[in-house]
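The values are calculated or read from the model by the stated rules, or taken from the named source; none is laboratory data. Model, not experiment: these values are computed from the prediction. All Cβ positions, glycine included, derive from the backbone under ideal geometry; neighbour counts span all protein chains shown. Quick note on the areas: whole protein, heavy atoms, side chains included, nothing else; ligands and nucleic acids left out. Shrake-Rupley method; radii C 1.70, N 1.55, O 1.52, S 1.80 Å.
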Amino acid sequence: MAVIWQNILTFLQGVLRFIGDPITILNQWLTGVLSGWGANATLIQVILAILGGASLVLGGLFFTVFLIWLERKVGGRFQDRLGPNRVGPWGLFQPLADMVKIFTKEYITPTGADKIPYNLAPVLSVGAVLAVIAVIPFASTIFGVNINVGVVYLMAVGAIGELGIIMAGLGSNNKYALIAGFRAVANLISYEVPMVLVLLIPVMFSGSLGMNDIARSQNVWYIFLAPLSAAIFFIASIAENSRAPFDLIEADSELVAGFNVEYSGLKFGMFYVADFLHSATAALIFATLFLGGWRGPGAESIPILGFIYLSVKATVVYFLILHIRFTVPRFRIDQMMNFNWKFLTPLALVVLAATAVVDKAIPSNLTALRIGVNWIVNIAIWVAADRLVRVVAPKRVVPEVARPRPLARPPLANPPQAAAEHEPGGEA
Amino acid sequence: MFTDWIYLGIFLVIAFALPLAAITFAGVISPKKPNPIKDSIYECGIEPIGESRIQFKVQYYVYGLIFLVFDVETVLLFPWAVAYNQLTLFGVLEAVLFIAILAAALIYAWRKGALEWL
């Protein structure tokens, strides 16, 4: 009798250990099985890499189904509707039904489309977002890979996603799509500047470019040390994945659907998958860089707790992204560019310089003093920026080149003497 | 010899192959009945006017030029940020000087009107 109890207890302990750290145990088990079959070490690692990569990518793709449901449901609530509620409990299977439908829809390729960019664009958009998942640490042991240039990799791969949008714009042979492509370029290159500038701050604090190292080094969440940088990063990452209020590349009211206007079937669906997944990865990246990632009580010894902590943090950030999407109206392109180049970028430069100096001046072991002084500096910068925008900027004289000119002048019956400064044919 | 980079390579292949496979699969099972009207370019229901590949606004190009400066800047700042914990205050102030020069460049571009959306 005691032996049976002993066995049950061992089994339960094993189950608990498995739930606590599934990846390491699966890894050990699979390595054991494969080496039992006579595979050598390199082959085992390659097989495990393929399995791990495939499960992360597939996990990401199927997670999108849930994200689409979440977005529609939350959006419905924001707009005083119910959202999907017919297919399955709380409409949970609605995206699955949509997915089945979209698989059977015809691909309509517009005449004169540039075939290679046109067909490559959806693959690039989704692939780039999926590739980001490789460097996100979900827990101390659950991550794709902790490369030593993780942050730079994030920026590089993020740009490939925008490249997909640009290719869609160029290849579609459609004016709306092309204008969306131009805007995508402007969007990407503009908001990347403040984003990368404040991205330096977690790198500075942790002394590493690896995502898992940054998460691991956050004894204090970096949002407490650099609140303004976190805010800039958050805004820039919303803009970077062209969410509302920065969704100028698919502005329904002016560009119909923007870059994806000529797409149909699953190619169209792929852009949507990329969009939803991009928001989710943006939330995960923000949570990792500024909210401590998987750090939390007990997360080091029981990795699954870290996964839960990261999920909670990322969900909060994702909800914030949704909240902004459904409550803030869309910017105009000039407002968006002005906001970036005349506000966010100078602010990011000042914040970076100030944080670097202040944090160096204070010994890193005085945590409370560090947080306090950083907060004071950040609030001071914010107040100064606010005063500048509200008081000084409206008084500034607008340069001559910025004056709006009429595109076409009505023909004048008797040209006055001012005609000399408007040469005919000078400005179109 | 198995490094993180080989894993990343495998991951990238999977990440780009799966959407491609899905699109190809959907292409196989979906109907294919093209006709000239269906394939025509969408332009709010009217006949498309002129060339679709229109000229772009020169302002995009100016932003591109300014971006180039800042992109090179951040590439130079990343090694500094990684070494930040080992740096003295003097090393940090040097980087601040570097950032200040770039801020001056931004102000110059601003004064010249390069940041205005015409």
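Of the residues A:Val316, A:Val328, which single one is open to solvent by 40 Å² or more (accessible area, probe 1.4 Å) and free of Cβ contacts under 8 Å to residues at least 60 places away in the same chain?
Exactly one residue qualifies, and that residue is A:Val316.
Check off (1) closer than 26 Å to A:Ser190 by Cβ; (2) more than 7 Å from chain A (Cβ to nearest Cβ); (3) surrounded by 15 or more Cβ atoms within 10 Å (Cβ to Cβ) for B:Pro48 and give me the number that stays unchecked.
Against the list (1) closer than 26 Å to A:Ser190 by Cβ; (2) more than 7 Å from chain A (Cβ to nearest Cβ); (3) surrounded by 15 or more Cβ atoms within 10 Å (Cβ to Cβ), B:Pro48 comes up short only on (1).
Tell me yes or no: at least one residue of segment B:81-92 is in contact with a Ser or Thr (Cβ under 9 Å, 6 or more places away or on another chain), open to solvent by 70 Å² or more (accessible area, probe 1.4 Å) and assigned to a loop (DSSP other than H, G, I, E, B).
no
Tell me the residue from A:Ile179, A:Ile201, A:Ile223, A:Ile235 that is open to solvent by less than 10 Å² (accessible area, probe 1.4 Å) and touching a Leu at 6+ places or on another chain (Cβ under 8 Å), please.
Just one listed residue meets the conditions, A:Ile201.
Looking at (1) at pLDDT below 85; (2) under 23 Å from the mean Cα position of the chain (by Cα), can you tell me which one B:Leu20 breaks?
(1)
If you scan segment A:105-119, which residues turn out to be within 11 Å of chain B (Cβ to nearest Cβ) and surrounded by 18 or more Cβ atoms within 10 Å (Cβ to Cβ)?
Across segment A:105-119, the qualifying residues are A:Tyr107, A:Ile108, A:Thr109, A:Pro110, A:Ala113, A:Asn119.
Return yes or no: is A:Leu188 closer than 25 Å to A:Ala244 by Cβ, over 20 Å from the mean Cα position of the chain (by Cα) and aliphatic (A, V, I, L, M)?
no
For segment B:54-77, how many residues are within 7 Å of another protein chain (Cβ to nearest Cβ) and either in contact with a strand residue (DSSP E or B) (Cβ under 9 Å, 6 or more places away or on another chain) or farther than 22 Å from A:Asp334 by Cα (or both)?
Looking only at that region, the number is 2.
Quick one: which of B:Val28, B:Val58 is open to solvent by 60 Å² or more (accessible area, probe 1.4 Å), within 30 Å of the chain's Cα centre (by Cα) and modelled with pLDDT of 75 or more?
Going through B:Val28, B:Val58 in turn, the sole match is B:Val58.
Does segment A:201-222 contain at least one residue that is within 11 Å of another protein chain (Cβ to nearest Cβ) and closer than 27 Å to B:Leu115 by Cβ?
Within segment A:201-222, one or more residues are within 11 Å of another protein chain (Cβ to nearest Cβ) and closer than 27 Å to B:Leu115 by Cβ.
Kindly provide the set of residues from segment A:108-137 that are at pLDDT 85 or above and in a loop (DSSP other than H, G, I, E, B), ordered by number.
Listed by number, the list holds a single entry, A:Ile136.
Counting only residues that are buried (at least 17 other Cβ atoms within 10 Å of the Cβ) and not aromatic (Phe, Trp, Tyr), give me the helices (runs of 4 or more DSSP H) lying completely in segment A:1-101 with at least 1 of them.
Ranges flagged: A:22-36, A:41-78.
State whether the residues of segment A:141-151 include one that is polar (S, T, N, Q) and assigned to a helix (DSSP H, G or I).
no
Restricting to segment B:66-77, give me the number of residues that are without any contact (Cβ under 8 Å) to a residue 24 or more places away in the chain and hydrophobic (A, V, I, L, M, F, W, C).
Count: 6.
When you look at A:Ile23, is it modelled with pLDDT under 80 and in contact with a Pro (Cβ under 8 Å, 6 or more places away or on another chain), yes or no?
yes
Any idea which residue in segment A:248-263 is farthest from the other protein chains (Cβ to nearest Cβ), counting only those that are charged (D, E, K, R) and buried (at least 20 other Cβ atoms within 10 Å of the Cβ)?
Only one residue tops the list, namely A:Glu250.
Yes or no, residue by residue, for (1) more than 22 Å from the chain's Cα centre (by Cα); (2) more than 8 Å from every other protein chain (Cβ to nearest Cβ); (3) touching a residue at least 60 places away in the same chain (Cβ under 8 Å):
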| residue | (1), (2), (3) |
| --- | --- |
| B:Pro79 | no, yes, no |
| B:Val82 | yes, no, no |
| B:Phe90 | yes, yes, no |
| B:Phe98 | yes, yes, no |
| B:Ile101 | yes, yes, no |
| B:Leu106 | no, no, no |
| B:Arg111 | yes, no, no |
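Within the bounds of segment A:126-144, is there any residue that is more than 24 Å from A:Thr315 (Cα to Cα), within 12 Å of another protein chain (Cβ to nearest Cβ) and in contact (Cβ under 8 Å) with a residue 24 or more places away in the chain?
no
Sort through B:Ile10, B:Ile37, B:Ile41 and tell me the only one that's farther than 30 Å from B:Ala109 by Cα, open to solvent by 70 Å² or more (accessible area, probe 1.4 Å) and among the aliphatic types (A, V, I, L, M).
Going through B:Ile10, B:Ile37, B:Ile41 in turn, just one is farther than 30 Å from B:Ala109 by Cα, open to solvent by 70 Å² or more (accessible area, probe 1.4 Å) and among the aliphatic types (A, V, I, L, M): B:Ile37.
Could you count how many residues in segment A:314-350 are of a type in the set (A, V, I, L, M, F, W, C) and part of a loop (DSSP other than H, G, I, E, B)?
Total meeting the criteria: 2.
So which of A:Ile44, A:Ile19 is over 30 Å from A:Asp275 (Cβ atoms), within 11 Å of another protein chain (Cβ to nearest Cβ) and in contact (Cβ under 8 Å) with a residue 12 or more places away in the chain?
A:Ile44
If we only count helices (runs of 4 or more DSSP H) wholly inside segment A:158-229, which ones have 1 or more residues that are farther than 30 Å from B:Gly50 by Cα, assigned by TED's automatic domain parsing to the domain that holds A:Leu310 and among the basic types (Lys, Arg)?
By residue number, A:211-216.
Can you work out which of the residues in segment A:279-313 that are among the aliphatic types (A, V, I, L, M) and assigned to a loop (DSSP other than H, G, I, E, B) is surrounded by the most Cβ atoms within 10 Å (Cβ to Cβ)?
Filtering first and then ranking leaves A:Leu291.
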